[in-house]
Amino acid sequence: MKSSANKIGIPISPALSNIEAQAGASKNGHFLKQRLVLISCLSVTVAIAISVIARILVYLINLVTNISFYGMFDLGFHSPANNHLGAWVIVIPAIGGIIVGIMAFYGSKAIRGHGIPEAMEQILVNESNIKPSITIFKPVSSAIAIGTGGPFGAEGPIIATGGALGSTLGQLFKISANERKIILAAGATAGMSAIFGTPIAAVFLAIELLLFEFSPKAILPVALACITGAAGHHLLFEAAPVFEMPDLVTPSNLALGIYSFMGIIIGFLSIGITKIVYTIEDNFEKIPIHWMWWPAIGGLAVGVIGYFAPHTLGVGYDNITGLLSGKWPLFIICNLLFLKFLSWAIALGSGTSGGTLAPLLTMGGAAGALIGTLILILFPNCGVTIPMAALIGMSAMFAGASRAYLTSITFALEATMQSHALLPLLGACTAAYMVSFFLMENTIMTEKIARRGIFTPDSFEPDLLQKMIVAQVMSEEATVININNTVADVRNWVNTNNVTDNYLIVVNNNDEFSGTLKLTDIYSGEISPESSLQSMLKKEMGASVSDKDTLRYAMETMSKADVEVLPILSAKDRKVMGILSYRDIISAFKIDADKTQQPYVNISLKRQRMKMLIKGRKTVNVDTQDK
């Protein structure tokens with residue numbers, strides 16, 4: 001009998017036939033790269049399709065708008081703000097709301113809302129499975145809602161549609177839930193890229209709001225899809241920036257400080273906007289009529305506001321361009337800030353189909369332009385310009401409301417191609433993000449699903465289990481027996497030494513791993529006491545890992561083998577070095593917390609001052625002796 005200093009048992013699963021081959025798949029780089037190529041091809045396919053759908057959606061919005069407000073069958077863009085319907089304009093959004101409500105009731109309730117929270121929910125709790133019908137119902141319902149005057153943008157619906165298309169394609173192939181999540185995110189962000197021509201911002205949107213991870217297997221398919229979407233934008237829409245504006249100059253330090261301070265103000269505005277939107281939504285829940293009719297009520301409010309402020313109707317991309325020009329009158333700016341917000345908040349709270357990005361950009365741009373105007377009145381020579389103020393306003397509003405920090409900055413740069421705005425955008429978005437982070441628990445994107453008890457990840461940290469290797473946490477204590485012992489020998493030894501371990505590691509005469517046995521098998525009545533341990537071992541040696549493997553690989557191996565502990569073999573000669581239990585893996589988090597999260601003083605200033613004083617005294621003594 002041979003015993004090492006090990007004291008933790010090793011469970012062995014009865015179904016270990018191909019466990020090493022299965023667990024080794026995660027270490028096979030060629031296999032992973034093949035999967036990556038497949039997922040990338042599927043993502044690009046979705047991106048091509050969603051680019052075409054984006055163009056169709058814009059045409060459909062234009063068509064519904066022209067029919068509703070101008071009575072003509074035309075696919076060209078005409079702003080509903082220029083209509084001559086008079087008081088009849090009040091009825092049109094209500095009619096659109098009725099149609100959307102009926103589609104939601106008889107088609108799919110999932111078309112309600114602004115798209116991104118719904119996609120996040122499916123990723124987090126439903127393995128990225130979205131009903132294929134959303135691919136049709138969402139763009140059609142959104143085109144009706146927006147085309148009849150709904151104060152939304154096309155980006156929310158196309159993001160939801162792209163996600164649904166990606167999820168549908170992912171459900172047709174034999175892929176994992178994580179891979180389906182990647183295709184869903186690729187479709188969603190490719191849709192955004194196709195609408196705005198902002199592929200970098202779309203990639204960041206995927207990271208910050210959809211993927212909840214940053215890894216080559218996730219980023220590469222999404223990036224390829226976003227590039228494809230941007231190519232679709234240039235081919236099907238235009239190559240120019242989606243929001244053209246006057247060329248900006250590099251701001252002075254004083255102006256940069258003012259722009260950053262504006263970010264603080266807009267951060268508070270974004271908090272207020274978010275809270276009011278969900279307050280209105282809560283109040284709709286209290287209305288004693290079926291939710292199918294809520295969009296009609298919201299549409300009626302949109303129509304009333306649109307009668308007095310026509311610029312609040314419809315998509316409003318032209319409003320953003322007007323704000324960025326710096327030439328719009330203060331009256332329209334105030335309308336877009338206050339009345340556009342009121343119209344959008346009521347419509348969104350009613351549960352109709354629409355988006356949030358364009359309204360947030362519009363309101364943020366109006367807030368920035370208004371604040372910039374007031375600052376110029378008070379300090380005419382401060383260096384602030386209205387176009388720059390509007391640009392950082394719209395970006396900071398999105399950063400504060402959604403906390404999609406990098407997306408907000410890169411979107412503003414890509415959508416306008418104004419590189420001199422980088423520092424002001426960075427300052428303002430950082431300020432708005434800080435205000436939102438400290439004062440608002442959830443964002444406009446996560447509040448809805450948080451109320452349903454769904455936790456949304458808010459950090460993207462390196463995988464701890466991928467960073468640490470088995471040798472850092474393994475236990476050197478295990479119960480090891482020689483393969484030449486009989487069952488009777490093992491029983492006697494266990495009884496004599498009061499061994500309580502449930503599993504034993506079996507080694508050959510060279511101390512090389514041969515397999516594992518359950519203690520219950522040793523005491524089985526069907527086993528003859530004279531049987532050798534070698535006769536009890538299966539041909540497969542069972543699951544094991546080396547001391548150089550990562551904890552991530554060890555955990556995957558443990559999970560696939562359905563075991564609680566694993567023998568640790570030397571990477572050089574397969575000799576048993578110890579064991580790894582699930583408790584050891586859990587201890588890795590404690591080790592990391594002790595190292596990285598517990599505050600401690602690494603350099604003692606008091607101690608350093610004493611050292612300097614001693615050295616000083618020695619120097620004085622030496623100098624005195626020399627003299």
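The values are calculated or read from the model by the stated rules, or taken from the named source; none is laboratory data. Treat the numbers as computed from the prediction; the structure is a model and nothing was measured. Cβ placement follows ideal geometry from the backbone for every residue including glycine, while neighbour counts extend to all protein chains displayed. When the accessible area is computed, the model is the full protein with side chains, heavy atoms only, and any ligands, DNA or RNA have been set aside. Shrake-Rupley method; radii C 1.70, N 1.55, O 1.52, S 1.80 Å.
Of the listed requirements (1) part of a helix (DSSP H, G or I); (2) open to solvent by less than 10 Å² (accessible area, probe 1.4 Å); (3) closer than 30 Å to Leu210 by Cβ, Val89 misses just one: (3).
Consider the range 306-327 and keep the residues that are open to solvent by 10 Å² or more (accessible area, probe 1.4 Å) and hydroxyl-bearing (Ser, Thr, Tyr). The one that is modelled with the lowest pLDDT is Tyr317. Consider the range 131-156 and keep the residues that are open to solvent by 20 Å² or more (accessible area, probe 1.4 Å) and not small (Gly, Ala, Ser). The one that is farthest from Val46 (Cα to Cα) is Ile144. For the range 328-347, does any single residue satisfy the condition of being assigned to a helix (DSSP H, G or I), open to solvent by less than 10 Å² (accessible area, probe 1.4 Å) and among the charged types (D, E, K, R)? Yes, because at least one residue in the range 328-347 is assigned to a helix (DSSP H, G or I), open to solvent by less than 10 Å² (accessible area, probe 1.4 Å) and among the charged types (D, E, K, R).
Condition check ((1) surrounded by fewer than 15 Cβ atoms within 10 Å (Cβ to Cβ); (2) closer than 30 Å to Met555 by Cα) across all residues:
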position	(1), (2)
Val435	no, no
Leu439	yes, no
Gly453	yes, yes
Asp463	yes, yes
Val480	no, yes
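Here Asp562 meets the list (1) at pLDDT below 75; (2) on the phi > 0 side of the Ramachandran plot; (3) open to solvent by 100 Å² or more (accessible area, probe 1.4 Å) almost entirely, failing just condition (1). Residues in the range 532-583 that are assigned to a helix (DSSP H, G or I) and under 19 Å from Ser514 (Cα atoms): Leu533, Gln534, Ser535, Met536, Ala554, Thr557, Met558, Ala561. For first residues located in the range 248-262 and in contact (Cβ under 8 Å) with a residue 12 or more places away in the chain, partners that are aliphatic (A, V, I, L, M) and open to solvent by 90 Å² or more (accessible area, probe 1.4 Å) and lie 6+ apart or on another chain with Cβ distances below 6 Å form the pairs Leu256/Leu423.
Among the residues of the range 102-114, those identified as more than 15 Å from Ser343 (Cβ to Cβ), open to solvent by less than 30 Å² (accessible area, probe 1.4 Å) and in contact with a Gly (Cβ under 8 Å, 6 or more places away or on another chain) are Ala104, Gly113. Of all positions in the range 379-387, at least one carries a residue that is part of a helix (DSSP H, G or I), touching a helix residue (DSSP H, G or I) at 6+ places or on another chain (Cβ under 9 Å) and more than 25 Å from Glu281 (Cα to Cα). Is there a residue being over 33 Å from the mean Cα position of the chain (by Cα) and either of a type in the set (Ser, Thr, Tyr) or at positive phi (or both) anywhere in the range 74-91? Within the range 74-91 (the criterion being over 33 Å from the mean Cα position of the chain (by Cα) and either of a type in the set (Ser, Thr, Tyr) or at positive phi (or both)), the answer is yes, since at least one residue qualifies. Could we say that Gly267 is under 30 Å from Leu376 (Cβ atoms), in contact with a Gly (Cβ under 8 Å, 6 or more places away or on another chain) and either among the hydroxyl-bearing types (Ser, Thr, Tyr) or surrounded by 17 or more Cβ atoms within 10 Å (Cβ to Cβ) (or both) here? So Gly267 fits the description; yes.
Within the range 39-80, if we keep just the residues that are of a type in the set (A, V, I, L, M) and open to solvent by less than 20 Å² (accessible area, probe 1.4 Å), the residue that is nearest to Lys181 (Cα to Cα) turns out to be Ile39. Which of the residues that make up the range 215-249 are open to solvent by 20 Å² or more (accessible area, probe 1.4 Å), under 22 Å from Pro424 (Cβ atoms) and of a type in the set (A, V, I, L, M)? Correct list: Val242, Met245, Val249. Filtered by the rule that a residue be aliphatic (A, V, I, L, M) and more than 22 Å from Lys33 (Cα to Cα), the range 192-232 gives Met192, Ala194, Ile195, Ile200, Ala201, Ala202, Leu205, Leu209, Leu210, Ala230, Ala231.
Rundown of residues vs (1) at pLDDT 90 or above; (2) under 28 Å from the mean Cα position of the chain (by Cα), yes/no style:
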site: Leu220; (1), (2): yes, yes
site: Leu224; (1), (2): yes, yes
site: Gly232; (1), (2): yes, yes
site: Ala239; (1), (2): no, no
site: Asn253; (1), (2): yes, no
site: Met262; (1), (2): yes, yes
site: Gly272; (1), (2): yes, yes
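Suppose the filter is buried (at least 24 other Cβ atoms within 10 Å of the Cβ) and polar (S, T, N, Q); does Ser350 pass it? It is true that Ser350 is buried (at least 24 other Cβ atoms within 10 Å of the Cβ) and polar (S, T, N, Q). Restricting the range 157-214 to residues that are open to solvent by 10 Å² or more (accessible area, probe 1.4 Å) and aromatic (Phe, Trp, Tyr), the residue that is nearest to Ala54 (Cα to Cα) is Phe204. Is the range 352-361 home to any residue that is β-branched (Val, Ile, Thr), more than 27 Å from Ile111 (Cβ to Cβ) and not in a helix (DSSP H, G or I)? Within the range 352-361 (the criterion being β-branched (Val, Ile, Thr), more than 27 Å from Ile111 (Cβ to Cβ) and not in a helix (DSSP H, G or I)), the answer is no, since none of the residues qualifies. Only a single criterion out of (1) at pLDDT 80 or above; (2) open to solvent by 80 Å² or more (accessible area, probe 1.4 Å); (3) over 30 Å from Leu464 (Cα atoms) is not satisfied by Tyr523, namely (1).
Residue-by-condition table, conditions (1) modelled with pLDDT under 80; (2) farther than 30 Å from Lys572 by Cβ:
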| site | (1), (2) |
| --- | --- |
| Glu441 | no, yes |
| Ala450 | no, yes |
| Gly453 | yes, yes |
| Leu464 | yes, no |
| Thr479 | yes, no |
| Asp501 | yes, no |
| Asn509 | yes, no |
| Gly515 | yes, no |
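Each residue in the range 366-413 was checked for being under 30 Å from Glu441 (Cβ atoms) and open to solvent by 20 Å² or more (accessible area, probe 1.4 Å), and 7 of them qualify.
Considering Ile258, Ile276, the condition of being assigned to a helix (DSSP H, G or I), of a type outside the set (Asp, Glu) and under 21 Å from Asn442 (Cβ atoms) is satisfied by Ile276 alone. The helices (runs of 4 or more DSSP H) falling completely within the range 113-222 that include 1 or more residues that are over 24 Å from Ile320 (Cα atoms) and touching a residue at least 40 places away in the same chain (Cβ under 8 Å) map to 116-125, 134-147, 155-172, 177-196.
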